[in-house]
Structure formats: C-alpha cells, structure tokens
1. Which of the numbered conditions does Lys155 fail, given that it passes all the others? Conditions: (1) modelled with pLDDT of 90 or more; (2) among the basic types (Lys, Arg); (3) surrounded by fewer than 18 Cβ atoms within 10 Å (Cβ to Cβ).
2. Could you list, in sequence order, all residues of segment 198-237 that are of a type in the set (A, V, I, L, M), outside any strand (DSSP E or B) and surrounded by fewer than 15 Cβ atoms within 10 Å (Cβ to Cβ)?
3. Residue check: is Val75 farther than 16 Å from Leu39 by Cβ and not basic (Lys, Arg)?
4. Which number in (1) β-branched (Val, Ile, Thr); (2) at pLDDT 90 or above; (3) surrounded by fewer than 11 Cβ atoms within 10 Å (Cβ to Cβ) marks the one condition that Thr256 misses?
5. From the list Tyr42, Tyr63, which one is modelled with pLDDT under 85, under 21 Å from Ser101 (Cα atoms) and aromatic (Phe, Trp, Tyr)?
6. For segment 81-104, which positions are over 13 Å from Pro61 (Cα atoms) and buried (at least 19 other Cβ atoms within 10 Å of the Cβ)?
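The values are calculated or read from the model by the stated rules, or taken from the named source; none is laboratory data. Here the structure is a predicted model, which means the values were calculated and not measured. Please note: Cβ atoms are built from the backbone with ideal geometry, for glycine as well, and neighbour counts cover all protein chains shown.
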Amino acid sequence: MPGRWSWVKTWSRAAPHLLGARPTVFLYNIAALVGLGVLAIYYFSDSSIHGLLPDRLQGVPVYGVWYGALGGIAVGLKGCYDHRLDWTDDWSVWHYGRVFSGALAGGVTYALLLAVNLKSGNAVQTPATPIVASASFILGTQEKRFFEFLVEVGKLIVTVPASATGPTAPPPAIRSVVPATGAAGRRVIVHGTGFQRTSKAYFGGVALGDISVNDAGTEISGTAPDHAPGEVDVVVSNPDNSAHLRPSGFTYEALTRAEQTDDVF
C-alpha cells in the first residue's frame, strides 16, 4: 500500500518546481497569447457575443482589457528571456498572475483617462481608441507605472485637505518700513517675517511696483505707488490668504519724483 501512493508524494514534491520552471511559465504565456488571439477573432467575427455583456458594460471598451492582458503577457515573456541564467521559482505566482493584473490595469485605464479628460459642466471627452489601446498596453506591462498613474489621477480628481495638526507656513508680520516717509516712485523696503516668494505688499490699498522678496522671507522691496500725501496703511498678503496690516505704516510726502534720491538708507 505505501508504494501505491508514492507517485502522489513524488508529484507533490516535484509540482512546485515544475510549475515554476522557466519553460512551463514560457508555455503558459504562449498559451495565454493564443487564447487572446482566439478571443479577438471570435469577438470581431461573431457580433452576437456583444449582446452577452450587460447593458452597463457595453459602453466599456473591451479592447482596453485585451491590450492590458497583452501587455501582461509581453512582460511575462520578457522575463523568461531576460532571466535565462538567474531564473527563480519564487516569481512563478507573479508570472501566472500578470495576464490578469494586466487585464485589470487595462480596464481601469479607460476610466482613468475619462477622469483626466473631464471638462467643465460635467461633460466628458471620450479618449481616442489609439490612446486607450496604447495606454492599456503600456500600463499592462508596468504595474509600478500603473499605480503611479493612479496616484496622479487621484490627486487630480480628489482634493485631500491638509491635516489640521500638520505644519503650516507662518503668517506674515510687518516690523518696519524703510524709509517710513517718501513720495510715489521711491524705493522702499518692508521688513518683517513670514514673507513668501509671491507675497504682495500694498500701500494704501495699491500694490508696490517692481516688487521682490529676499530668500529669507524677511524683506519685500519695491517702488511706492502713486498716492495723495498723508499716512497710509501697509499690508502684506501671502498666497495662502494670510495677511498682516500695519496701520499708518507709511507717510506720503508732497514731493515730486524728481526730488527723490536713489539712496534709501
């Protein structure tokens, strides 16, 4: 009796190595490739198969799934070619699953392209067939790029609010304006903290001209805009809508531009 079942034990020990062997994986990919070819011929030669799909799925391009699966087979065959000398059975599950993960990536690619091509007013621009086919094949061959593409589309269509406890940029704070008096057109420097590269400064509600911000975010320089003589408020605003107001931060003098000097200090 023990010898009667010895072949089962022998097969159970040899089966994992046999299934994971490079020739077996190669033949599996060839069989999958032939199967895709047969499906394509049957799909395009017999239109009755189209009616087998549910109404909700008939608008989804089947060729996207087909090209994704083809990409999975292509990368599987490439693995057989490239790893002739360093083949390992540990990757057998990856090889057997690539055709299915490639088909899944190809099907999802169509939906991702629709999301990218969204227009205003919820109108959708359907991606062209060559684009869907090529993108499905490419993403079917490279699962890493597929997930990178998925992340980028997620960023495009879903805005995740920043954590309330996460770091935020400090608001601007005005410490001084040098010089504190002058006429329109004079070069002035607003000293403070929390300034950003695209911050704006306003004298009496009018933006400074020829504005620039230093790398440290402590100085904003520019030319004083036209304004009637008298005291005006100085405001600095950041791109995140944070702002700081210094009341009566600058005083316009009744001087002409010709009376101004280039020496600020």
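1. For Lys155, the failing item is (1).
2. Listed by number, the residues that qualify are Ala216, Ala228.
3. Yes; evaluated as a whole, the condition is true for this residue.
4. (2)
5. On the way: Tyr42 fails: under 21 Å from Ser101 (Cα atoms).
The conditions single out Tyr63.
6. Correct list: Ser92, His95, Arg98, Val99, Gly102.
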